Every structure is written in structure tokens, then in C-alpha cells.
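The structure under discussion appears below in the form of C-alpha cells.
The values are calculated or read from the model by the stated rules, or taken from the named source; none is laboratory data. Computed from a prediction, not measured in an experiment: that's the story for all the values here. We place every Cβ from the backbone using ideal geometry, glycine too, and count neighbours over all the protein chains shown.
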């Protein structure tokens with residue numbers, strides 16, 4: 001018998017499960033607290049539950065765990081990069097970062113990615129499957145357990161496209177923000193998308209409070225089509241209209257990620273086109289990213305990052321350069337999984 005994934009149940013769902021077992025509704029709240037506040041790894045640790053209930057839970061449900069396959073810790077800034085293995089043997093990456101304001105974690109939402117962005121390592125080993133709500137959540141729990149650090153904020157910016165795994169990601173956010181669970185405000189969450197327009201609009205209507213981060217990387221269809229296949233389905237104009245809608249519904253400033261690639265999108269003409277494109281979305285924020293160099297592409301980091309930034313800020317567009325963390329461990333997502341797959345690593 002396949003056991004049920006108990007960490008993926010919301011509190012109302014867990015109440016329904018336990019009442020179906022003949023338990024009082026309040027027992028679900030007790031169990032939920034054990035699972036998500038205390039983050040137990042076995043039902044035997046739930047000391048205020050009866051022995052009979054614990055035995056029933058053991059028989060019908062499982063508390064999933066992730067296995068650390070590789071762990072790299074930066075000597076420069078303490079960033080930790082994990083390669084986690086899920087119960088079925090698939091793997092994805094998680095990065096734990098420390099800032100002055102607290103600890104932040106970058107989690108994966110899929111095993112691999114379908115989107116095919118030409119500069120991204122995450123898509124190179126291919127797409128396998130979506131991650132379950134519990135598997136996204138466990139990246140936080142296991143990282144907290146291993147590092148001894150408490151996570152205060154989160155970015156959905158690891159392997160995978162979050163809006164391509166929409167239902168599981170939304171359920172994960174429900175679990176994350178539950179008062180009886182991790183209780184993280186979704187205002188401390190940033191969700192990065194390459195631009196799945198219908199889902200952006202759906203997310204806007206949900207008014208979750210999270211920050212929308214859009215991977216733009218080019219201001220025109222010609223350049224965006226060449227590096228981001230999603231633009232052939234939802235072009236730049238459609239994406240910008242969806243972003244306007246998101247801001248109108250939520251009042252949340254949108255962040256645009258722009259990876260600067262030498263000789264591709266780092267010239268003054270591109271900057272001026274970007275300014276024209278984003279001016280109607282003011283106030284917005286542009287996060288300039290020195291592109292992560294990968295073996296399969298000859299893209300190189302731009303030397304014009306500060307010049308590009310100045311052109312934006314002088315025009316009134318708020319623009320910052322992303323701080324590079326974990327540079328000595330290649331902390332950008334996708335590389336560990338890709339190497340693991342290519343080497344058929346079974347450690």
C-alpha cells in the first residue's frame with residue numbers, strides 16, 4: 001500500500017483525514033503543529049497523540065525526508081548549496097543565503113525545467129517532473145535542520161518554473177504561511193517566472209501579497225525570442241500587460257530580472273528600449289544580474305553592468321546589481337543536478 005504524503009496536506013485536509021479515522025477535529029491541529037512548527041521526522045515524536053493513533057498514522061501515512069547528496073559551503077559568505085535527493089531518487093538544488101536582515105532560501109519547484117532559456121543551467125539536464133508541496137517545503141525544513149539557521153524569507157527561483165507547477169506551488173505557499181505551521185508572511189516571498197501570462201493574471205487575482213519577479217532579459221521580441229522560447233508563446237507586449245494587471249490588482253512593485261550578456265543585451269540601445277518598455281510600470285525594480293557562465297553556451301558576463309545600471313537610474317528606473325553570493329561554490333542553481341545526471345552519480 002502506498003502511504004499518503006502527510007506533509008502535503010493543508011490543515012483543513014488533515015482535519016478531514018483525521019475525522020475520517022474517527023478522531024476529534026482538534027487532533028489535526030495538534031498533529032499539524034508537530035509536523036510544521038516542531039518539524040518532527042517520525043510520528044513517535046508526537047507525545048500528545050495516543051499510541052493507537054500513532055500506529056494508525058505509521059500504517060497509512062509517511063513523513064517524507066530529503067537526502068543530502070552534496071553540500072557546498074562558501075568560505076566567502078557562508079552560503080550553502082545543497083543537492084537534495086527525493087524519495088524516488090530524483091534530485092534538485094537549494095541555496096541557503098545569509099544577509100544582514102536574516103537568512104533567505106532559494107528553492108526548486110521542479111526536477112529540471114521545460115522552458116529552455118538558453119543561458120540557464122537548470123534546463124540542460126531536461127525536465128523530469130513537478131515537485132510536490134511537501135518536497136518544496138522540505139527544502140526549507142531540511143536546510144534549517146542541517147544548518148541550524150532559521151529561514152526568514154524565500155525565493156522561488158531555483159530549478160524549474162514555479163508557474164508551470166502552479167497548483168503544487170500555491171498549496172506549498174498555503175502550508176508555508178499557515179499560522180500553525182511555518183507562519184511566514186508571503187510578503188517575504190518572491191516568485192520568479194519567465195512569463196507564463198495566464199498564470200500571472202491568475203496569481204494577481206489571488207492577491208497573495210508575494211513579490212512577482214519577472215525574468216525579462218531583453219526588451220524586444222527579436223532578442224527575447226532568441227534566448228527565451230516562452231516569448232514565442234507569450235510575447236513581450238502580452239507579458240507587460242499582465243505585469244500591469246498584477247500591479248493594478250495587488251499594489252505590489254514588480255521586479256524584473258535582467259541577466260546582462262556580453263555583446264547580446266548590454267548595449268546602450270538595449271538600455272534605452274528597456275527604459276521605454278518599463279516606464280509605464282513605474283514604480284518597478286530592475287535586478288541586473290551578471291550572467292552565470294555555463295559550459296554549453298559561450299555567453300560571457302558583461303563588463304558594462306555599472307554603465308547599464310547608470311543609464312536606467314538616470315532615467316528614473318530603479319536598478320540594482322545583484323550581489324553575488326557563494327561565488328566560490330557556483331551557487332547559481334542547476335549546475336549540481338546537471339553534473340549529477342551527466343555523471344550518473346549514485347553516491
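Some points to look at:
- So residue 64, is it in a loop (DSSP other than H, G, I, E, B) and more than 17 Å from residue 181 (Cα to Cα): no
- Annotation note: of 321, 291, 305, 341, the sole residue that is at pLDDT 90 or above and within 24 Å of the chain's Cα centre (by Cα) is 321.
- Qualifying residue in the stretch 30-41 (condition: more than 24 Å from residue 169 (Cα to Cα) and either assigned to a helix (DSSP H, G or I) or modelled with pLDDT of 95 or more (or both)): yes
- For residue 135: the one exception among (1) free of Cβ contacts under 8 Å to residues at least 40 places away in the same chain; (2) out of contact with any strand residue (DSSP E or B) (no Cβ under 7 Å at 6 or more places or on another chain): (1)
- The single condition among (1) in contact (Cβ under 8 Å) with a residue 40 or more places away in the chain; (2) within 21 Å of residue 155 (Cα to Cα); (3) not in a helix (DSSP H, G or I) that residue 319 does not satisfy is (1).
- All positions within the stretch 200-217 that are touching a helix residue (DSSP H, G or I) at 6+ places or on another chain (Cβ under 7 Å), closer than 16 Å to residue 234 by Cα and crowded, with 20+ Cβ neighbours inside 10 Å: 200, 214, 217
- Cross-chain or 6+ apart pairs with Cβ under 6 Å, the stretch 140-157 first and on the phi < 0 side of the Ramachandran plot, then modelled with pLDDT under 95: 152/102
- Taken over the stretch 171-182, the residue count meeting the criterion of being over 12 Å from the mean Cα position of the chain (by Cα) and either closer than 15 Å to residue 96 by Cβ or touching a residue at least 24 places away in the same chain (Cβ under 8 Å) (or both) is 8.
Residue-by-condition table, conditions (1) touching a residue at least 12 places away in the same chain (Cβ under 8 Å); (2) crowded, with 16+ Cβ neighbours inside 10 Å; (3) in the same structural domain as residue 117 (by TED's automatic domain parsing); (4) farther than 30 Å from residue 206 by Cα:
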residue: 238; (1), (2), (3), (4): yes, no, yes, no
residue: 244; (1), (2), (3), (4): yes, no, yes, no
residue: 253; (1), (2), (3), (4): yes, no, yes, no
residue: 269; (1), (2), (3), (4): no, no, yes, yes
residue: 288; (1), (2), (3), (4): yes, yes, yes, no
residue: 291; (1), (2), (3), (4): yes, yes, yes, yes
residue: 313; (1), (2), (3), (4): no, no, yes, yes
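- Flag if residue 10 is in the same structural domain as residue 148 (by TED's automatic domain parsing) and surrounded by 15 or more Cβ atoms within 10 Å (Cβ to Cβ): no
- Taken over the stretch 46-59, the residue count meeting the criterion of being exposed (fewer than 14 other Cβ atoms within 10 Å of the Cβ) and in a helix (DSSP H, G or I) is 4.
- Test: residue 173 is touching a helix residue (DSSP H, G or I) at 6+ places or on another chain (Cβ under 7 Å), crowded, with 22+ Cβ neighbours inside 10 Å and farther than 18 Å from residue 283 by Cα: yes
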